[in-house]
Amino acid sequence: DALTVNGNSACIDHIVLNHVEGLWGPDVGGLAVLGCVHDLTVQYSILGEGLLRSRHPGSSASNGHAMALNIADNYGQPANRVTVYGNLLTTAAERNPRLVGATCTDLIDNVIYNYAEGPSGNPSSANLIGNTYQRGPAPAAAGLAFSALEWRYAKDVDFFHTLLPSSTWTAGNRALGFAFATPTGDDLAVRRAGPACPPSVASQGAATAYAMVLSLAGPAIRSDQTARLLGNVARGAGTYYSGARRADPRPSWP
């Protein structure tokens, strides 16, 4: 992973990740939050551009392994009170983010761009408010299907493999370049009529938040990579980064 906040061996808490840029991780391109992590804020950061078809063992010739943000639990002690606010999740096929078991987790005022699958998982409670989902050209160029769901139920193979009903509240999100699909079946069963936990921060509204993210997200000292990532959103450009079939130097696995 580009960055991991790991609470698997012992609980950790009260952490702020601010103006971080996490890219090119062969497992999770951006950020992995694992296990017993409490009171974590991730804000004004750029996460994603995982390697689509690298030598990582989880990669495949068909779907690859480009991931952005994973909040997962493998030991039965899920994350609690995680706020993901004002970030750009960009050019990753999946896990934008994925939430497994997490309690009182907020995804508020983010921009999710150029993905094949949007937010998904099986959290205990989550709020998705004021986010912009923007379709980009990368899935079609890589031969991947695009999901128009605002939220998709996805169980974990080890923990939280039984559907947690009425777990996820969505409000004020908008879709650019497509229309949200109507949820049915399990994708509908996990929707709530209101938040299970009060939102940790007030949303500015998706349109205002979109401009904020493109202005503020990423390191204070801007590199050409930061400019490229933000410019791709504005232009509707960008392809999944492979790591394979590229001239050195290039990110690869191992």
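The values are calculated or read from the model by the stated rules, or taken from the named source; none is laboratory data. Only a predicted model underlies this, so the values are computations on that prediction, with no experimental measurement involved. Here Cβ is always computed from backbone atoms with ideal geometry, including for glycine, and neighbour counts include all displayed protein chains. Each accessible area value is taken on the protein alone, full model and side chains, heavy atoms only, with ligands, DNA and RNA left out. Shrake-Rupley method; radii C 1.70, N 1.55, O 1.52, S 1.80 Å.
Summary table
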{"read-out": "Residue that is nearest to the chain's Cα centre (by Cα), among those in segment 135-158 that are open to solvent by 50 Å² or more (accessible area, probe 1.4 Å) and either of a type in the set (A, V, I, L, M, F, W, C) or within 20 Å of Leu229 (Cβ to Cβ) (or both)", "value": "Arg135"}
{"read-out": "Filtered residue count, segment 93-106, keeping only those that are open to solvent by less than 10 Å² (accessible area, probe 1.4 Å) and either in a strand (DSSP E or B) or of a type outside the set (A, V, I, L, M) (or both)", "value": "7"}
{"read-out": "Pro198 being modelled with pLDDT of 95 or more, touching a Cys at 6+ places or on another chain (Cβ under 9 Å) and open to solvent by 50 Å² or more (accessible area, probe 1.4 Å)", "value": "yes"}
{"read-out": "Of all residues in segment 108-117 being of a type outside the set (D, E, K, R) and either open to solvent by 30 Å² or more (accessible area, probe 1.4 Å) or touching a residue at least 60 places away in the same chain (Cβ under 8 Å) (or both), the one that is farthest from Leu176 (Cα to Cα)", "value": "Ile108"}
{"read-out": "Arg98 being in contact (Cβ under 8 Å) with a residue 12 or more places away in the chain, among the charged types (D, E, K, R) and farther than 18 Å from Leu128 by Cα", "value": "no"}
{"read-out": "Conditions (1) crowded, with 24+ Cβ neighbours inside 10 Å; (2) without any contact (Cβ under 8 Å) to a residue 60 or more places away in the chain: number failed by Ser120", "value": "(1)"}
{"read-out": "Residues of segment 177-195 satisfying the condition of being open to solvent by 50 Å² or more (accessible area, probe 1.4 Å) and either closer than 28 Å to Val233 by Cα or assigned to a helix (DSSP H, G or I) (or both)", "value": "Gly177, Ala179, Phe180, Thr182, Gly185, Asp186, Leu188"}
{"read-out": "Number of the exception - Gln77 against (1) under 22 Å from Gly25 (Cα atoms); (2) not in a strand (DSSP E or B)", "value": "(1)"}
{"read-out": "Counted residues, segment 134-170 - those being in a strand (DSSP E or B) and of a type in the set (D, E, K, R)", "value": "1"}
{"read-out": "Among the candidates Thr90, Thr132, residue that is over 11 Å from the mean Cα position of the chain (by Cα), under 26 Å from Thr208 (Cβ atoms) and either of a type in the set (A, V, I, L, M, F, W, C) or open to solvent by less than 10 Å² (accessible area, probe 1.4 Å) (or both)", "value": "Thr132"}
{"read-out": "Among (1) touching a helix residue (DSSP H, G or I) at 6+ places or on another chain (Cβ under 6 Å); (2) farther than 18 Å from Asn87 by Cα - the single one Leu188 does not satisfy", "value": "(1)"}
